[in-house]
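The values are calculated or read from the model by the stated rules, or taken from the named source; none is laboratory data. Since the structure is predicted, the reported quantities are computational estimates derived from the model, not experimental observations. Positions of Cβ are generated from backbone atoms using ideal geometry, with glycine treated the same way; all protein chains shown enter the neighbour counts. Calculation scope for accessible area: heavy atoms of the full protein, side chains included, ligands and nucleic acids excluded. Shrake-Rupley method; radii C 1.70, N 1.55, O 1.52, S 1.80 Å.
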Amino acid sequence: MFLACGNKPKKDLGYDYDAAAKEFMADESFYPILDEEIDVFMATVAQDSLKPHYTNEQEAIEKFMNLETWLAFTTRKLTENEMRSLKSRNFVPQIIPIAYDGLAIIVNNANRDTCITVKDFARILSGEATKWSDVYPNSKLGDIDVVFDNPQSSTVRWCVDSVLGGKPINGGTNIGAVLKSSEVIDWVEKHENAIGIIGSNWLNDKRDTTNVTFKKNITVMKVSRLDSATVQNSWRPYQYYLYNGNYPLIRTIYALLNEPRSGTPSAFAHFCRLPKGQLIIFRASLLPIQANLNVREVNVTKE
């Protein structure tokens, strides 16, 4: 009787719980913030080990759907088909928003054109504008050299969905990808005609606790929703401009959770939503999903 109605052997479940619970998957663009989150979580909360595996968003979701991990961090929700697939296997997946991130556009310090419209950014990605003079008639920098962090990253997918309206990025020779966000910064620093697209949490200068200083070796462009970008109507991905909606290239970071037990992956996903986890996000220059910001108006006078 026990054999007939008792628990099935682990091999008959269709997954290995312990193996999937040992690590979580995340898009590489979240490395700076999630590494700090997991360090604090392991030091103060967890008793079992949980290791991060940083990859591209596509692979993270594939492993999540294949039950090779119970937790993945992405910038998109599960699709209806993905939700249906997991539920058909008797799982109850959760989609937990934890933070808002700004997609940053960076250029070389030698580039004097530092304001851009969303429309012109889309023209560059679609291949309509291939030279800097196509966007800035007085520019002499020549071809626009576009570099992404990874061909299958959340950054590429978000640009296709949210900037190009589902149309593919131009596959021309002027648009390419490296493997890591840090390599995008290195490439832009060394090439005057380059433009890079990365998550804004890679730009924070940790020497400045006010989160208003970006890395000195590149320039973060100001972005405008209007047809013509000026210093007055364009914004950088500072926390406050994510908070008030001025910065137009904002994406949500989600924790996708599918753990059949309430183990360490579930605990970490929810830790990122708790006050201590949200404070880590705030200090990393991102916008916590449960933002409770005090905003003060300051008048600066010159004597």
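Go through the stretch 272-283 and give me each residue that's open to solvent by 10 Å² or more (accessible area, probe 1.4 Å) and either more than 20 Å from I250 (Cβ to Cβ) or part of a loop (DSSP other than H, G, I, E, B) (or both).
Step one: list which residues in the stretch 272-283 are open to solvent by 10 Å² or more (accessible area, probe 1.4 Å), which gives 273-276, 278-280, 282-283.
Residues satisfying the conditions are R273, L274, P275, K276, L279.
Just give me the residues in the stretch 143-156 being open to solvent by less than 60 Å² (accessible area, probe 1.4 Å) and assigned to a strand (DSSP E or B), in sequence order. Across the stretch 143-156, the qualifying residues are D145, V146, V147, F148.
Residue-wise test of (1) without any contact (Cβ under 8 Å) to a residue 40 or more places away in the chain; (2) open to solvent by 40 Å² or more (accessible area, probe 1.4 Å); (3) among the hydrophobic types (A, V, I, L, M, F, W, C).
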| residue | (1), (2), (3) |
| --- | --- |
| W158 | no, no, yes |
| S162 | no, yes, no |
| G166 | yes, yes, no |
| N170 | no, yes, no |
| N174 | no, no, no |
| A177 | yes, yes, yes |
| K180 | no, yes, no |
| V184 | no, no, yes |
| G196 | no, no, no |
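Residues that are under 30 Å from L279 (Cα atoms) and open to solvent by 70 Å² or more (accessible area, probe 1.4 Å) number at least 1 in the following strands (runs of 3 or more DSSP E) confined to the stretch 56-142: 94-107. Taking the stretch 116-130 as the range and being farther than 15 Å from V160 by Cα, modelled with pLDDT of 95 or more and either of a type in the set (A, V, I, L, M) or over 22 Å from the mean Cα position of the chain (by Cα) (or both) as the test, only I116 passes. Each residue in the stretch 204-227 was checked for being assigned to a loop (DSSP other than H, G, I, E, B), at pLDDT 65 or above and open to solvent by 40 Å² or more (accessible area, probe 1.4 Å), and 5 of them qualify.
Inside the stretch 151-205, residues that are more than 13 Å from the chain's Cα centre (by Cα) and hydrophobic (A, V, I, L, M, F, W, C) make up a count of 14. Among the residues of the stretch 8-43, the ones that are aliphatic (A, V, I, L, M), in a loop (DSSP other than H, G, I, E, B) and at pLDDT 90 or above come to 1 in all. Contact map, the stretch 26-42: first residue under 11 Å from K180 (Cα atoms) and open to solvent by less than 30 Å² (accessible area, probe 1.4 Å), second residue among the hydrophobic types (A, V, I, L, M, F, W, C) and modelled with pLDDT under 90, Cβ cut-off under 9 Å, separation 6 or more or different chains; pairs are E28/L179; S29/W202.
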